[in-house]
Amino acid sequence: MTANDTPQPTATYDSAFLKACRREPVPHTPVWFMRQAGRSLPEYRKVREGVPMLESCMRPELVTEITLQPVRRHDVDAAIFFSDIVVPLKAIGLDLDIKPGVGPVVAQPIRTRADLARLRDLTPEDVPYVTEAIGMLTRELGATPLIGFAGAPFTLASYLVEGGPSRTYENAKAMMYGDPGLWADLLDRLADITAAFLKVQIEAGASAVQLFDSWAGALAPADYRTSVMPASAKVFDAVAGYGVPRIHFGVGTGELLKLMGEAGADVVGVDWRVPLDEAARRVGPGKALQGNLDPTVLFTDKDTVAAKAREVLDAAAGLEGHVFNLGHGVMPNTDPDALTRLVEYVHTATAR
């Protein structure tokens, strides 16, 4: 499939997840979890033993197994492709690694206009393991949708300019404020790379895509609109022709929800800080919402989890479309059985 093709119904088309994304009636509220494939699962830790994170993202058989694990265990309504937001940056030759306990670390940060030359275009030939893994996954998943994903330009830029994770984003924001021309060109270059990475996933068979702007909550709305939103909009526009739902998620983005929807998302992800009924008011009509149980609730007893999940469902009762998720990713020490029970609860409580 290419962006110029007319989208055709697939095995996943009538799934609860895709129906909710399209704001259509659903048999039950669909559920999936960010970071559902990962450290909370003992089977994940077993297959990842001794394999560095980036290497694990480049082994199609391993990616397939890890992606399928939470679908088998939890009966979630969608799988999320196992990868990392820095994979496309590694694929174009940047010297970076994911250090345990730290996160992505860039050997030579992007700080000058000359550094932009290191950000070449991404082609499908750079990531053949992605195409292969998604082909394997879609055959295994059948009618269960696969969500592709990528890091948004701002979040990628933050890692590249800072050289690694940051709490203050002092270098990235200094570039944004002090050299807006360089900043705009950096984000534009990253938008092209991100769009190309999402296109590879969609053309290989992903049924939806999510753009993670994990650190956008560090921005004031005016700065987001001027200095970040154009690049995110470019990504969403680049994949609009495929007809797959586009999800936009960030952390601490309560003040940005309307803008994140305006950037081109069909579904706006909401963290746990804003109730879904209030989020719907901020986003406005024409968008589905995704979220937003606080991940720490899963460390309580099952009755409390059910009660808190009920609060989320009640807040979502009037929404045009709702995908149940956590307000951020599954925490590493989460009991997997708590996730399984939560899926069962939401499915049962919302059965039409």
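Using 0.36 nm per residue, how much length does the chain from ARG39 to ARG73 gain when fully extended, once their Cα-Cα distance is taken away?
Answer, rounded to one decimal: 10.8 nm.
Can you tell me how much longer the chain between ARG281 and GLU132 gets when fully stretched, taken as 0.36 nm per residue apart minus their C-alpha distance, in nm with one decimal?
Difference between extended and current length: 49.5 nm.
Which lysines, on any chain, are close to LYS90 with Cα under 28 Å apart, when same-chain ones fewer than 8 places away are left out?
Result set, ordered by chain and number: LYS46, LYS99, LYS173, LYS199, LYS234.
How much length is gained on full extension from GLU55 to TYR177, taking 0.36 nm per residue of separation minus their Cα-Cα distance? Write down the numbers at each step before the final one.
Values: separation 122, 0.36 × 122 = 43.92 nm, distance 3.60 nm.
Gain on extension, GLU55 to TYR177, equals 40.3 nm.
Within segment 89-242, what whole-number % of the accessible surface is contributed by carbon and sulfur, with the 1.4 Å probe and all protein chains included in the calculation?
Numbers: 3090 of 6040 Å².
Here carbon and sulfur together make up 51 percent of the probe-accessible area.
Projected area of the chain, taken from the Cα convex hull and averaged over every viewing direction, in nm²?
15.9 nm²
Enumerate the whole-percent occupancy of each 10 Å bin, from 0 to the last occupied one, for all C-alpha pair distances of segment 1-102.
Calculated P(r), rounded to whole percents: 13, 34, 32, 19, 2.
Within segment 164-201, what residues put their amide N at less than 14 Å from the label point 7 Å along the Cα-to-Cβ vector of ARG118?
164
Would you kindly give the portion of the calculated P(r) for segment 221-325 that falls above 25 Å, as a percent of all Cα pairs?
Beyond 25 Å sits 24 percent of the P(r) for segment 221-325.
With every protein chain left in place, what is the accessible area per residue of the chain in square angstrom, probe 1.4 Å?
Numbers: 14290 Å² over 352 residues.
On a per-residue basis, 41 Å².
At most 15 other C-beta atoms within 10 Å and a DSSP loop state: those are the exposed GluC sites (Glu not before Pro) I care about. Give me the longest piece of the chain that has none.
Values: sites that count: GLU49, GLU320.
For GluC sites (Glu not before Pro) (loop position, at most 15 other Cβ atoms within 10 Å), the longest site-free span of the chain is 50-319.
Can you tell me the 0 to 90 degree angle between the C-alpha axis of helix 180-204 and the longest principal axis of the chain, rounded to 10?
So the inclination is approximately 50 degrees.
Using the C-alpha atoms of segment 228-271, what convex hull volume per residue, in cubic angstrom, is computed?
59 Å³
Quickly estimate the mean residue ellipticity at 222 nm for the chain, helices only: each DSSP H run with n ≥ 4 gives -39500 (n - 2.57), and the total goes over all residues, rounded to 500. Write out the running numbers ahead of the final one.
Details: 15 runs with 155 residues, N = 352.
Helices in the chain give a 222 nm mean residue ellipticity of -13000 deg cm²/dmol.
As I understand it, the value is the acute angle between the Cα axis of helix 128-141 and the longest principal axis of the Cα atoms of the chain; what does it come to in degrees, rounded to 10?
Taking the Cα atoms of the chain, the angle to 128-141 is about 10 degrees.
Which shape class applies to segment 145-279: rounded if a/c is under 1.5, otherwise prolate when a/b exceeds b/c and oblate if not, where a ≥ b ≥ c are the square roots of the Cα gyration tensor eigenvalues? Walk me through the intermediate numbers first.
Values: a/c = 1.82, a/b = 1.24, b/c = 1.47.
Oblate.
Exactly which trypsin sites (Lys or Arg not before Pro) in segment 29-86 are in a DSSP loop and have at most 16 other Cβ atoms within 10 Å?
Within segment 29-86, the qualifying trypsin sites (Lys or Arg not before Pro) (loop, at most 16 other Cβ atoms within 10 Å) are ARG39.
The values are calculated or read from the model by the stated rules, or taken from the named source; none is laboratory data. If you're wondering where the values come from, they're calculated on a predicted model, not measured in any experiment. We place every Cβ from the backbone using ideal geometry, glycine too, and count neighbours over all the protein chains shown. Side chains are part of the model used for accessible areas, which takes the heavy atoms of the whole protein and leaves out ligands, DNA and RNA. Shrake-Rupley method; radii C 1.70, N 1.55, O 1.52, S 1.80 Å.
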